[in-house]
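The values are calculated or read from the model by the stated rules, or taken from the named source; none is laboratory data. Model, not experiment: these values are computed from the prediction. Every residue, glycine among them, receives a Cβ derived from its backbone with ideal geometry; neighbour counts consider all protein chains shown. With ligands, DNA and RNA removed, areas are computed over all heavy atoms of the protein, side chains included. Shrake-Rupley method; radii C 1.70, N 1.55, O 1.52, S 1.80 Å.
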Amino acid sequence: MMANRLVSEAFGRADNYDAHAGVQQQVAAMLAQAIGKVGVCAAPRVLEIGCGTGLLGAALMPMLPDARWVMSDLSSAMLARARARFAAANANIAFRVMDGQTPDVAGPFDLIVSSLAFQWFDDLGGATARLGGLLAPGGLLAFSTMIAGSFAQWRAAHEGAPCGLADYPHADDLRAMGFAVREVELTVEGGGRAFLRHLRGIGADVPRAGHRPLSAGQLRQVIARFDSQGGRATYRVALCLRRNAASQ
């Protein structure tokens with residue numbers, strides 16, 4: 001799929017991802033805390049979708065010292081960075097290039113996790129159903145994703161000009177899928193150029209399908225309006241958890 005290739009290439013170019021990923025690290029820590037509160041079994045088998053450089057794995061591993069992991073990512077370059085981060089623990093981790101929307105790995109897993117990757121999915125409901133099918137009885141699917149309202153300030157600054165940002169799901173749609181949802185907000189400050197550098201730095205500058213880029217003049221106008229309105233962009237994020245039914 002063309003979109004998958006573009007996303008994989010963009011994240012592969014994010015050589016200094018961690019330096020730009022302050023929000024991503026905060027969200028990974030929040031998700032790990034939420035998982036810790038509900039608990040998982042001892043020595044769980046864990047599948048991570050979109051592991052990136054390993055921010056969520058680093059937050060979870062101290063809580064799950066006996067876990068066996070499959071870490072996956074669409075980008076082989078990102079997977080290599082995670083492999084380097086966890087070199088000392090590689091005996092307990094299998095690394096796999098994989099599209100999380102169509103997982104080709106054998107379950108069952110006690111825990112399937114992902115942080116800020118599912119917003120790239122074309123069919124979130126279908127993907128979560130397929131992943132849920134890989135859970136063991138009583139297993140937990142836990143992820144964070146961008147939701148509607150994210151980057152509203154940047155969108156508003158376009159004033160009718162085409163905006164390349166993707167549309168994100170509504171929190172209520174996630175609740176309708178059976179997830180317990182906690183909504184959080186985090187901000188990126190520093191103005192429009194800093195916001196664009198942030199998106200490029202984390203590989204998240206892939207535009208929506210069919211988007212025609214703004215001209216240089218249009219982009220300057222958007223940045224000026226954005227800066228005049230405070231120069232901050234707000235992430236709206238949902239932390240989502242759903243436990244598989246236990247066997248009878």
### Query
In sequence order, what are the phi-derived ³J(HN,Hα) couplings for the range 57-64 according to the Karplus relation 6.51 cos²θ - 1.76 cosθ + 1.60 with θ = phi - 60°, rounded to whole Hz, with x for glycine and proline?
x, 5, 6, 8, 4, x, 7, 10
### Query
Ignoring ligands, DNA and RNA, what percent of the 1.4 Å accessible area of the chain is carbon and sulfur?
51
### Query
Top mean-square fluctuation among A106, A77, A157, Gaussian network model of the chain, C-alpha springs under 10 Å?
A106
### Task
Classify the range 52-142 as rounded, prolate or oblate, taking a ≥ b ≥ c as the square roots of the eigenvalues of its Cα gyration tensor: rounded when a/c is under 1.5, otherwise prolate if a/b is larger than b/c and oblate if not.
oblate
### Task
Pop the C-beta distance of A209 and R83 into the FRET formula with R0 = 45 Å and round what comes out to the nearest 0.05.
0.90
### Task
Once you have the Cα-Cα distance between N92 and Q221, take 0.36 nm times their residue separation minus that, and quote the gain in nm to one decimal.
41.4 nm
### Inter-site label distance for A152 and R232 at 7 Å from Cα along Cβ, in nm
1.4
### Query
Mind checking the dipole of the chain: about its Cα centre, +1 per Lys or Arg Cβ, -1 per Asp or Glu Cβ, Debye to the nearest 20?
240
### Task
With a point put 7 Å past each Cα toward its Cβ, work out how far A34 is from D104 in nm, to one decimal.
3.0
### Query
With every protein chain left in place, what is the accessible area per residue of the range 112-240 in square angstrom, probe 1.4 Å?
44
### Summary
In whole µm²/s, the translational diffusion coefficient that Stokes-Einstein assigns to the chain, given a Kirkwood hydrodynamic radius over C-alpha pairs, 25 °C and 0.890 mPa s, equals 132
### Message
Residue by residue through the range 175-186, what is 3J(HN,Hα) from phi via Karplus (6.51 cos²θ - 1.76 cosθ + 1.60, θ = phi - 60°)? Round to whole Hz and write x for glycine and proline.
### Response
5, 5, 7, x, 8, 6, 10, 10, 9, 9, 10, 9
### Query
In nanometres, what is the gap between the two model label sites at D172 and L186, each 7 Å from Cα along Cα-to-Cβ?
2.7
### Query
Can you list residues whose amide H is under 5 Å from F109's amide H, if they're 5+ apart or on another chain and H is modeled 1.01 Å from N?
L135, A136
### Query
Is the range 84-230 best put as rounded, prolate or oblate by its Cα gyration tensor, with a ≥ b ≥ c the root eigenvalues, rounded for a/c under 1.5, and otherwise prolate when a/b is larger than b/c, oblate when not?
prolate
## Note on the structure
Gyration tensor on Cα atoms of the range 149-248, a ≥ b ≥ c root eigenvalues, a/c under 1.5 rounded, else prolate if a/b beats b/c, else oblate, says prolate
